[in-house]
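The block underneath contains the structure these notes are about, expressed in structure tokens.
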Amino acid sequence: MQKHFIGGVIPGSIIAQDVYGSDGILLIKKGSMFREQYIPRFIDAGVQEIFIEENGAMTPETITTIRKSLNIQDVIHDKTRTHAQNQIKKTMLKFKSVSNTDIQRISQIVEDMIEQLLEKKDFVFALSQLRSVDDYTYQHSVNVGVLSLIIGIDLALEQEQLKLLGMGAILHDIGKIMIPENIIKKPAKLTHEEFIEVKKHTEYGYEILIQTDIPDEAARIALHHHEKFDGTGYSRGLRNTKIPLFARIVAVADVYDAMSNDRVYQKRSAPDKVFREITHLGDKHFDAKIMETFAKHINIYPTGTGIILNSGHRGIVLYQNKLYPESPIVRVFLPKDQDYKRLYFDLDLSLNTKWYIIETF
């Protein structure tokens, strides 16, 4: 337990003693978590210093509190995202009886997404981390739809093309409803036979969609989203521009989101590691122009990411540097076992050549 000026207390630290104002009124009890919005109230009450238990420690509560205070915005409205996820779930749970009404509802959701994205002058895709692995397919479908639309907008696709792209992207995994659940949710590596069965979801998806009113251009996304630019993908082994444009776009979005989120059989990777791995695959798997567009709208170190510097200090990403994406502005936490006058400081890594990020958490 140590005394600190309230302006230097890290949000998320635990208050070690009851805090009273100059008039003797209790402001906050011992054991409460310190939040940044308390500072003005404490100052007004004549409080300049408080005792805390967590002296600069990077606790999970600290990270969570700071992330909340950063007010990280999604590129689409929460209501739209939830509506889309619920509609995809309803559609896929109908098994083979996907109706034109389902397609019309998804079409309207895509129109809403496009409208919201076009309203933004500058958008960067922020992954919505999954709360449940069981809902992976549905949330994944929404993420792939949003990221595909962002790429499509940057490629200057027309409104009708964007609509087809969005519909096909959201429904790209519809064929998985035909794959046995024990394979889809298997918490281990698939056998050769099981993987062959999973690959059939592209064919199944196309067959399901062509029975509806969805245009063939959108339906073919389900069929070709696992094709690779060098011809090593499935299900047709298409190469280069023989792969439909929409499928080439969704291929990038699909791999990025899959690697960035927890799945039944594999934990997610850190955003910077995912970005570098996809970039490493380069033109072997993806269209170079689409990859270039994708890279412009992805943060290597998203706001709220925990980081470790080469100095050994830990911190959290506060803001991005558009011109220097690998050098964001970070909040660096000072060691609790040393007598510093402050507990953290903010640092623009693009202006500092000595410190750089070596790891994320």
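Taking Ile316, is it within 29 Å of Ile150 (Cα to Cα) and β-branched (Val, Ile, Thr)? It is true that Ile316 is within 29 Å of Ile150 (Cα to Cα) and β-branched (Val, Ile, Thr). Every condition in (1) of a type outside the set (Ser, Thr, Tyr); (2) modelled with pLDDT of 80 or more; (3) touching a His at 6+ places or on another chain (Cβ under 8 Å) holds for Asp348 except the one numbered (3). Tell me, please, whether a residue that is free of Cβ contacts under 8 Å to residues at least 12 places away in the same chain, surrounded by fewer than 21 Cβ atoms within 10 Å (Cβ to Cβ) and in a helix (DSSP H, G or I) can be found in segment 216-234. Checking segment 216-234: at least one residue is free of Cβ contacts under 8 Å to residues at least 12 places away in the same chain, surrounded by fewer than 21 Cβ atoms within 10 Å (Cβ to Cβ) and in a helix (DSSP H, G or I).
Across segment 191-215, the number of residues qualifying as within 28 Å of the chain's Cα centre (by Cα) and without any contact (Cβ under 8 Å) to a residue 12 or more places away in the chain comes to 1. Within segment 265-322, take every residue that is modelled with pLDDT of 85 or more and among the aromatic types (Phe, Trp, Tyr) and give me the one that is nearest to His225 (Cα to Cα). Restricting to residues being modelled with pLDDT of 85 or more and among the aromatic types (Phe, Trp, Tyr), the top hit is Phe286. Could you tell me whether Asn299 is touching a residue at least 40 places away in the same chain (Cβ under 8 Å) and either open to solvent by less than 30 Å² (accessible area, probe 1.4 Å) or more than 24 Å from the chain's Cα centre (by Cα) (or both)? No, not satisfied. In a residue-by-residue description of segment 258-272, the property of being under 28 Å from Ile184 (Cα atoms), loosely packed, with under 14 Cβ neighbours inside 10 Å and of a type in the set (A, V, I, L, M) applies to at least one position. Summed over segment 317-333, the residues that are among the aliphatic types (A, V, I, L, M) and surrounded by 20 or more Cβ atoms within 10 Å (Cβ to Cβ) give a count of 2. Remark: pairs (first residue in segment 33-57, farther than 16 Å from Asp23 by Cα; second residue polar (S, T, N, Q) and modelled with pLDDT of 80 or more; Cβ separation under 7 Å; 6+ apart in sequence or on different chains) = Phe51/Gln17.
Please find, among Arg276, Arg263, the residue that is assigned to a helix (DSSP H, G or I), more than 20 Å from Leu155 (Cβ to Cβ), under 18 Å from the mean Cα position of the chain (by Cα) and not polar (S, T, N, Q).
Arg276
Given the structure, is Arg314 open to solvent by 20 Å² or more (accessible area, probe 1.4 Å) and under 22 Å from Glu359 (Cβ atoms)? Criteria met by Arg314. Annotation: of all residues in segment 245-256 being touching a Ser or Thr at 6+ places or on another chain (Cβ under 9 Å) and either hydroxyl-bearing (Ser, Thr, Tyr) or open to solvent by less than 30 Å² (accessible area, probe 1.4 Å) (or both), the one that is nearest to Leu281 (Cα to Cα) is Val252. Out of everything in segment 172-183 that is part of a helix (DSSP H, G or I) and without any contact (Cβ under 8 Å) to a residue 60 or more places away in the chain, what residue ends up being least open to solvent (accessible area, probe 1.4 Å)? For segment 172-183, the residue satisfying everything is Gly175. Hey, does segment 242-256 have a residue that's touching a residue at least 12 places away in the same chain (Cβ under 8 Å) and not in a helix (DSSP H, G or I)? Among the residues of segment 242-256, at least one is touching a residue at least 12 places away in the same chain (Cβ under 8 Å) and not in a helix (DSSP H, G or I), which makes the answer yes. For Lys199, state whether it is surrounded by fewer than 22 Cβ atoms within 10 Å (Cβ to Cβ), basic (Lys, Arg) and under 27 Å from Thr293 (Cα atoms). For Lys199, the condition - surrounded by fewer than 22 Cβ atoms within 10 Å (Cβ to Cβ), basic (Lys, Arg) and under 27 Å from Thr293 (Cα atoms) - is not met.
The values are calculated or read from the model by the stated rules, or taken from the named source; none is laboratory data. In this text, all values refer to a predicted model and were calculated from it rather than measured experimentally. Counting neighbours? That spans all protein chains shown, and the Cβs are built from the backbone with ideal geometry, glycine included. All accessible areas refer to the heavy atoms of the entire protein, side chains included, with ligands and DNA or RNA removed. Shrake-Rupley method; radii C 1.70, N 1.55, O 1.52, S 1.80 Å.
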